[in-house]
Number of protein chains: 2
Amino acid sequence: MDNMQFDQHISRQFNSDLEALKAHLLQMGGVVEQQLLDSIQSLESADSALAQQVLVAEIQSNNFEISIDEECTRILARRQPAASDLRMVLVVAKIVRDLERIGDESSKIAKMAISLSEQNDGQKGYVEIRHIGNHVRNMVRDSLTSFARFDVELALAVAREDKDVDQEYGSAMRELITFMMEDPRTISRVLNVLWALRSLERIGDHARNIAEQVIYLVKGKDARHLSLPEMEKLVQE
Amino acid sequence: MDNMQFDQHISRQFNSDLEALKAHLLQMGGVVEQQLLDSIQSLESADSALAQQVLVAEIQSNNFEISIDEECTRILARRQPAASDLRMVLVVAKIVRDLERIGDESSKIAKMAISLSEQNDGQKGYVEIRHIGNHVRNMVRDSLTSFARFDVELALAVAREDKDVDQEYGSAMRELITFMMEDPRTISRVLNVLWALRSLERIGDHARNIAEQVIYLVKGKDARHLSLPEMEKLVQE
């Protein structure tokens with residue numbers, strides 16, 4: 001085997017390592033998306049069996065976090081990637097953590113669903129949960145698609161959606177607080193809905209973080225801590 | 001310059017890169033610790049000017065996050081570290097994110113302090129804020145010290161404290177919810193205290209994350225998603 005063949009061999013192996021890494025991250029994404037969907041449904045339909053499933057699935061996403069992290073470390077140690085390959089590994093290591101957090105917040109929602117299924121009195125706030133929940137689920141899906149396709153425009157769209165979710169969250173909170181003040185017997189119940197909404201809002205933030213990493217991956221520029229117009233400008237440069 | 005000298009030269013430069021990285025992380029830690037201290041004090045003393053300072057300091061910790069992350073990427077690209085050196089770079093990249101989040105949660109507390117200083121009616125929940133706040137501040141300090149000294153015993157102590165904080169948080173929440181139910185006029189005020197307590201609880205989680213990274217750094221074993229006894233066993237192995 002001459003040198004060039006050897007180099008090609010190495011680089012083929014390296015590419016397949018990176019492809020496997022990417023595939024594992026997207027698999028983990030699938031698990032976490034399902035957790036999120038199930039947690040919202042368990043809350044809406046007071047289905048504590050489904051909520052339990054979400055808690056079980058968390059073990060799976062935790063294991064994914066550890067194994068993908070190990071994979072990143074192994075690639076860095078053995079392959080010593082540079083430039084965009086290095087960025088890919090570092091971005092995967094960051095996104096893994098956001099996905100794990102999304103799984104974590106979904107479990108919190110599932111726990112609220114279990115509490116609420118025991119109380120079973122009224123559905124105040126469920127419209128908001130469904131609405132913001134759908135919004136946030138789309139964001140998570142789009143952030144993963146933007147990663148899979150290196151699509152910075154879609155990543156930007158996720159950041160825009162995060163702003164909408166923050167506004168919807170703010171107005172839902174105000175409404176529910178007013179409701180509690182008018183009928184204090186509902187406080188303990190409505191607080192559970194508030195916590196679930198807060199988890200959804202946090203999940204939106206994590207989807208935005210993933211989108212920022214996609215912009216860094218494709219553009220090589222750090223998109224964190226920017227306003228939306230700053231981010232748009234950075235992408236167009 | 002013969003080869004051995006050259007190697008020594010490279011490794012000296014590399015060591016000083018790692019030392020600088022470590023120093024920058026601890027500098028960022030100092031900024032974030034101050035943010036946390038100021039946010040708690042601004043809340044306790046209804047000092048909205050101090051709360052504003054916390055919000056300004058957040059820009060500083062955000063900038064630290066970006067520059068330390070760049071430093072990590074540069075070291076990985078140029079020095080291609082292996083084994084414990086590689087672990088150090090990866091651990092710093094993870095801890096940076098936790099520190100940034102601690103700064104972020106401190107800003108949320110500062111915002112609650114500003115709201116509360118405008119309402120200015122009663123101090124319900126302040127004892128809990130002070131108590132849990134002190135606890136969490138110690139955890140953040142100890143987690144950074146455990147990193148600076150590679151002290152796994154201290155890292156374990158942080159994980160133990162996190163469990164205590166979670167319990168204190170739970171009982172503070174129950175008490176404040178009962179208080180709101182008894183006097184619904186306080187709902188909007190007490191909710192601000194609840195949010196601040198929740199931020200403190202989250203900061204405790206981040207300190208625990210830092211401690212887990214220190215265990216990984218020193219022991220080379222992943223300490224995430226473990227119960228306390230599992231973690232103790234892992235450290236003793």
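The mean number of partner chain beta-carbon atoms within 10 angstrom of a residue's beta-carbon across peptide B:84-95 is 2. Once the Kirkwood radius over Cα pairs is known for the protein assembly as shown, the Stokes-Einstein relation at 20 °C and 1.002 mPa s delivers a diffusion coefficient of 91 µm²/s. Rolling a 1.4 Å probe over the protein heavy atoms gives region A:12-236 an accessible area of 40 Å² per residue. Computed from phi, the 3J(HN,Hα) profile of region B:201-215 under the Karplus parametrisation 6.51, -1.76, 1.60 (θ = phi - 60°) reads 4, 5, 4, x, 4, 5, 4, 4, 4, 4, 4, 4, 5, 5, 4 Hz, with x in place of Gly and Pro.
Projecting the Cα positions of B:I68, B:Q41, B:S11 onto the charge dipole of chain B (unit charges on Cβ atoms of Lys, Arg, Asp and Glu, taken about the Cα centre) puts B:S11 furthest along the positive direction. Quick one: pull the percentage of alpha-carbon pairs in region B:115-194 with a separation above 14 Å. For region B:115-194, the share of Cα pairs beyond 14 Å comes to 67 percent. Per-residue mean of foreign Cβ neighbours for B:63-69 is 2 (Cβ atoms of other chains, 10 Å radius).
Charge dipole of chain A (Cα centre as origin; +1 on each Lys and Arg Cβ, -1 on each Asp and Glu Cβ, all else neutral): 240 debye, rounded to the nearest 20. Projecting the Cα positions of A:Q52, A:G133, B:A93 onto the charge dipole of the protein assembly as shown (unit charges on Cβ atoms of Lys, Arg, Asp and Glu, taken about the Cα centre) puts B:A93 furthest along the positive direction.
Couplings 3J(HN,Hα) of region A:153-159, computed from phi: 5, 5, 4, 4, 4, 4, 4 Hz, in residue order, whole Hz [Karplus 6.51 cos²θ - 1.76 cosθ + 1.60, θ = phi - 60°; x for Gly and Pro].
Dividing the helix sum by the residues of the protein assembly as shown, where each DSSP H run of 4 or more adds -39500 (n - 2.57), gives a mean residue ellipticity at 222 nm of -31500 deg cm²/dmol.
What you get for the protein assembly as shown, charging only the Cβ of Lys and Arg (+1) and of Asp and Glu (-1), is a dipole of about 300 debye around the Cα centre. Can you send over the carbon and sulfur percentage of the accessible area for region B:1-93, probe radius 1.4 Å, protein chains only? So the carbon and sulfur contribution to the accessible surface is 50 percent.
Over region B:12-236, the fraction of Cα-Cα pairs per 10 Å bin, rounded to whole percents and listed from the shortest bin up, is 8, 31, 31, 19, 8, 2, 0. Between chain B and chain A, roughly 3500 Å² of accessible surface gets buried, counting both sides and using a 1.4 Å probe. The residue among A:S84, A:L191, A:I177 whose Cα reaches farthest toward the positive pole of the charge dipole of chain A, with charges on the beta-carbon of Lys, Arg, Asp and Glu, is A:S84. Each peptide in A:49-56, B:33-40 receives the mean, over its residues, of other Cβ atoms within 10 Å, and ordering these scores from highest gives B:33-40, A:49-56.
Legend: Rg and Dmax of region A:102-237, from Cα coordinates, 17.0, 55 Å.
With 40 Å² as the minimum drop in accessible area between chain alone and full protein complex (1.4 Å probe), the qualifying residues in region B:214-237 are B:R224, B:H225.
The values are calculated or read from the model by the stated rules, or taken from the named source; none is laboratory data. All values reported here derive from a predicted model rather than from experimental measurement. With ideal geometry, Cβ positions are generated from the backbone for all residues, glycine too; neighbour counts draw on all protein chains shown. SASA here: full protein model, heavy atoms, side chains in, ligands and nucleic acids out. Shrake-Rupley method; radii C 1.70, N 1.55, O 1.52, S 1.80 Å.
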